[in-house]
Amino acid sequence: MSTPGKAAKKEKKKPIPVKTSLNNPYDLRWAPLEKGQKAFILNCLTETIEALGLKKIQVRVKGLRSSRRRKSKQRDSKPPEAEKTARQPGWSDEASRRQLAIGINEVTKGLEKDELSLVLVCSSIRPAHMISHLIPLSRTRAVPACQVPGLSEGLSGALGLSSVLALGFKRGDTAFSNTVGEIASKVPPLCVPWVPTEKEGQKRKLDLSHEPGQDPTPTLQPLKVKKTIPNPSKIRKPKKKKASAQKQKK
């Protein structure tokens, strides 16, 4: 027979963990492109990529046995140096590839390090919050960015990739400098509510680092930690005394 105390303990259930979260009150959206700008941007990019010959070389191997048979046949027919060059996967032009940031992760890292001069994002990304963080990052770093419909479909074949969800161009590049200048002039400005515009910025202190008559671009200040304070609500366990110290006292 079970005692009433034990039965009461068994009936108790574990508390349901609850995590509070706040939604963003601002509705961040990409500024739409004007009519005809989509075809212009895609044509400029494809022409530049084809002129540079930038493409990813992929080697597909169906199975180990078939690959071993091919290796034995090619060794008999081709010299070893030609075999290595023909089978080496990678990009056709490594220098041009270093000037690009392909994918959402690379574009995010490039914006955080302030290395990009232009950002293009595909409009077919679902869910939309996967790229919503790129709007404030681009705005605070004064980088022109826009959402281009059909970006992945138009550039994936030219680059030899399955998809191109985001594309960024690094600063100081020479291969894409003309293309970036032409596309950046067609990109509409982004609207981020907490970044002050020219009218709102007049109430703030003037930044004399720029020349008079020019619109000052917002810059991100580095974070400096002045002092670290330990958590006072943290429960600290008392330190256990060593056994040797206790023996000496006895």
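The values are calculated or read from the model by the stated rules, or taken from the named source; none is laboratory data. None of these values were measured; they are calculated from a predicted model. Accessible surface is based on the protein model in full, side chains and every heavy atom, while ligands, DNA and RNA are left aside. Shrake-Rupley method; radii C 1.70, N 1.55, O 1.52, S 1.80 Å.
Longer than 24 Å from Cα to Cα, which of Lys38/Lys113; Lys38/Lys170; Lys56/Lys109; Lys55/Lys113 are they? Say none if no pair is. From Lys38/Lys113; Lys38/Lys170; Lys56/Lys109; Lys55/Lys113, over 24 Å: Lys38/Lys113; Lys55/Lys113. With all protein chains kept in place, the per residue accessible area of region 97-160 amounts to 40 square angstrom at a probe of 1.4 angstrom. On region 121-183, 53 percent of the accessible area sits on carbon and sulfur atoms, based on a 1.4 Å probe.
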